[in-house]
Amino acid sequence: MIDITQNPVSTATPKVRFSPRRVWTLAMATVTQLIRMKILAFLVLFCLLAAGAGFAFSVINPEQQLNLLKSVTLGALQIFSIVIGVVSTALLLPKDLEDRTLYTILSKPVPRFDYLLGKLLGVLLLIGGGLIVMDVVLSLVLWLRQTMLLDSYVASLRLENMDSPEALAQVREIVAKQGLTWNLHWAVWAIFLKAAVVTTVALLLSSIASSTLFTIVITFCVTIIGHGESLIREFFFRPYLSSLAGRSAAFVLAALCPDLAQFDIVDSVVNGETVPWGAIYDMTGIAALYMTVYLFVTHLLFVEKEL
Amino acid sequence: MPDTPAVIVNHLTKVFKGPLGKGAFRAVHDLSLQVKSGEVYGLIGPNGSGKSTTMKAVLGLLKPTEGSTSIFGIPSTEVSSRHSVGFLPENPYFYKHLTGRETLHFYGSLCDMRGEKLKTRVNEMLALTGLEDAATRRVGGYSKGMLQRLGLAQALIHEPRLLVLDEPTAGVDPAGSRIIRDLIIEFRTRGITVLVTSHLLEQMQEVCDRVGIMAHGRMVREGRLQDLIAVGNQTEMVLENASPELQEKIKALVQAEGGNTRLLRSGQPRTTLERLFIEAANEPKKP
């Protein structure tokens, strides 16, 4: 016989505390759900396109070619990570509610904060995993491209009898600067941080929104506004530019939207500039702060939500 | 605390506010009820009578506007109250990408179960609900009856003392419905308290110890089922293999008794359509 209640009169009811293991369970379920929703297939396709793009540009000069390759792929990575983050997050919460899966989860001893954190972590793991794969592919493509370009350029210099040691050293320096460096990985890290902040905003909005479309549209609006925070601040701090109402609106937008320009180091990396450690620390800290604040507000809203 | 009621609903009122605070709707009005430990309590009523809202308040999914609810003495607003309760919502859907076994593993992990204990419990629940053969199939391919049984299995995974079942047989065929009914009876024999809502009143009559009838957000009748449905001035006798002569003798006796005693009806009792369906469905397949 199967014992359904092995301890039917047990009255020792432990307090439910935050559990990293429970959060991990929810995160893993979210990752599996997203992977089986063919998100991974999209990622593989994207990898192949990016790899193909590395060999598709017409020959200009090595510097421009490598520049273009990085610019296109890093730009695509930014779009990919933000779209995946926003759409996944906007879909997951309302779907759980609509399917009543949320009822079965929250009627277990699961604090609502654990649920929220698990969902967020799941989406971030997927984005992070995707970006690591893309980083590896991009690094490989960039290294191959820079080796091929260097070889062909050196060969052409030799053909024209212009292969003086100084000229060769100059070419190698240019290619090395524009080729595979640690800066590429920092650019991918910055892309992840930006996507993580936007995903947390999407989570906040989906906890109060009644439709997925609303969450997606508003999050993309916030993302666009977030890239223009400096303009908004300028608008606010210069009274002669606008009326009181306009300045008030600017203040509200500046206060609510994250300053996503803080994570824009892609252009510098594309131009071959070195990213200082201080900038990486600052970006990471700012992202952590934004995420903490947005997650806290999300929790306050979600804990009061009527299911 | 064996005498602590499994569920206490104390003057519960729930008002849903409309957009911008307008058009408020009172779903439950000053409702009080108690579910004793170990009994099967049926909450019945027409659509929109407030049954599901009451259940959600008991489970802490909704906050009462007024009043309170508790599970085994712990307020429903505390997450720890959910250690003792398993919930099967109406028409549940689970993550379609998981198999039945993975689904139970997921819910067990949420309840801090792990290792061999979790594995054993998952196997037990699959066996109890008859889903062993479908354990490795994705939930997306499950029939409605199988989903309900999986819902029961997940509700029981952490060994709760109280089961809350919202329309457990909704959309399930009579055979599947009978399996769920039998499971509820099994739960009662094992000391699990059950709070159940259903529109299938015949089934509720078969499994419930007590019922509460709700209408317009209020409790309009409540009590032991036998007390509520008994017709006080009538007596029923069912005879097997009674000869026509014996039947005539009984009729004559009743007539001879006189006074207010009357024989209202006699004849062959009919089986229910549900029983007929199950008998027919269970007949061996003809070659």
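Where a number appears in this text, it was derived from the coordinates with a stated rule and is not lab data. Nothing here was measured: the structure is a model prediction, and the numbers come from that model. With ideal geometry, Cβ positions are generated from the backbone for all residues, glycine too; neighbour counts draw on all protein chains shown.
If you take the beta carbon distance between A:Ala279 and B:Arg224 as r and set R0 to 60 Å, what does 1/(1 + (r/R0)^6) give as a FRET efficiency, to the nearest 0.05?
Details: r = 74 Å, r/R0 = 1.23.
Using R0 = 60 Å, I get an efficiency of 0.20.
If a paramagnetic tag sat 7 Å from the Cα of B:Lys36 along the Cα-Cβ line, which residues of region B:186-209 would have the backbone N under 14 Å from that point?
Those under the cut-off are B:193-194, B:209.
How big is the dipole moment of chain B about its Cα centre under a simple scheme where the beta carbon of each Lys and Arg is +1, that of each Asp and Glu is -1, and everything else is neutral? Debye, nearest 20, please.
Values: 36 positive and 31 negative charges, 183 e Å.
Here chain B has a charge dipole of around 880 debye.
Give me the percent of DSSP beta bridges within chain B that run antiparallel, rounded to the nearest 5.
Taking every DSSP beta bridge within chain B, about 55 percent pair in antiparallel fashion.
Can you pull the one-decimal nm distance between simple spin-label points at A:Met28 and B:Gln205, each 7 Å off the Cα toward Cβ?
Here the modelled spin labels are 4.9 nm apart.
What shape does region B:117-165 have by the C-alpha gyration tensor, where a ≥ b ≥ c are the square roots of the eigenvalues, rounded means a/c under 1.5, and otherwise prolate means a/b greater than b/c and oblate the rest?
Working: a/c = 2.36, a/b = 1.28, b/c = 1.84.
It is oblate, given that a/c is not under 1.5 and a/b is not larger than b/c.
Given H placed 1.01 Å from N in the peptide plane, which residues other than close sequence neighbours of B:Leu163 have an amide H under 5 Å from its amide H?
Amide H neighbours of B:Leu163: B:Gly86, B:Thr193, B:Val194, B:Leu195.
How compact and how long is chain A, expressed as Rg and Dmax of its alpha-carbon atoms in Å?
Calculated on Cα positions, Rg and Dmax stand at 24.3, 93 Å.
How big is region B:7-229 along each principal axis, measuring the range of its Cα positions in Å and listing the largest first?
Each principal axis gives a Cα extent; for region B:7-229 these are 47, 42, 31 Å.
By how many nm would the segment from B:Leu253 to B:Asn91 grow when fully extended, if each residue of separation counts as 0.36 nm and the alpha-carbon distance is taken off? Write down the numbers at each step before the final one.
Details: separation 162, 0.36 × 162 = 58.32 nm, distance 5.36 nm.
Stretched out fully, the B:Leu253 to B:Asn91 stretch lengthens by 53.0 nm.
To the nearest 0.05, how large is the calculated FRET efficiency for A:Ile35 and A:Asn161 if R₀ is 45 Å and r is the Cβ-Cβ distance?
In this case the efficiency is close to 0.20.
Distance from the Cα centre of region A:262-307 to that of region A:82-153, in angstrom?
If we compute the Cα centre of each part, the gap is 15 Å.
Under 20 Å from the Cα of A:Lys119, which aspartates and glutamates turn up, not counting those fewer than eight places away in the same chain?
Once the sequence-local aspartates and glutamates are set aside, what remains near A:Lys119 is A:Asp96, A:Glu98, A:Asp99, A:Glu304, A:Glu306, B:Glu102, B:Asp112.
To the nearest 10 degrees, how steep is helix A:182-208 against the longest Cα principal axis of chain A, on a 0 to 90 scale?
30
Starting from the Cα of A:Ala169, step 7 Å along the direction of its Cβ; do the same at A:Leu140; then give the gap between the two resulting points in nm.
Those two pseudo-labels are separated by 3.5 nm.
To the nearest µm²/s, what D does Stokes-Einstein give for region A:201-242 at 20 °C and 1.002 mPa s, using the Kirkwood radius over alpha carbon pairs as Rh? Spell out each step's value before the answer.
On the way: Rh = 11.6 Å.
Translational D for this selection: 184 µm²/s.
Identify all lysines with a Cα-Cα distance to B:Lys144 below 21 Å; exclude those on the same chain that are fewer than 8 residues away in sequence.
Of all the lysines, those that pass the test against B:Lys144 - Cα under 21 Å, at least 8 places apart if same chain - are A:Lys95, B:Lys96.
Charges only on Cβ, +1 for Lys and Arg, -1 for Asp and Glu: so what's the dipole of chain A about the Cα centre, in debye to the nearest 20?
Values: 21 positive and 21 negative charges, 211 e Å.
That gives a dipole near 1020 debye.
Taking springs between alpha-carbon atoms closer than 10 angstrom, which of B:Ile229, B:Ile157, B:Ile184 fluctuates most in the Gaussian network model of chain B?
B:Ile229
So if I restrict to the alpha-carbon atoms in the protein assembly as shown, what is the Rg, and what is Dmax, the biggest pairwise distance, in Å?
33.1, 135
Could you state the angle between the C-alpha long axis of helix A:20-34 and the longest principal axis of the C-alpha atoms of chain A, as a value from 0 to 90 degrees rounded to the nearest 10?
60
Residue farthest toward the positive end of the dipole of the protein assembly as shown, with Cβ of Lys/Arg at +1 and Asp/Glu at -1: which of A:Leu157, A:Thr199, B:Val9?
Towards the positive end, the residue furthest out is B:Val9.
Expressed in nm to one decimal, what extension gain is obtained for the pair A:Val83 and A:Trp182 from 0.36 nm per residue of sequence separation less their Cα-Cα distance? Write down the numbers at each step before the final one.
Values: separation 99, 0.36 × 99 = 35.64 nm, distance 2.55 nm.
Working it through step by step, the gained length comes to 33.1 nm.
Give me the angle, in degrees from 0 to 90, between the Cα long axis of helix B:244-257 and the longest principal axis of the Cα atoms of chain B, rounded to the nearest 10.
80
Quick one: which residues, 5+ away or cross-chain, put their amide H under 5 Å from the amide H of B:Gly67? H built at 1.01 Å from N.
Amide H neighbours of B:Gly67, under 5 Å, 5+ apart: B:Thr13.
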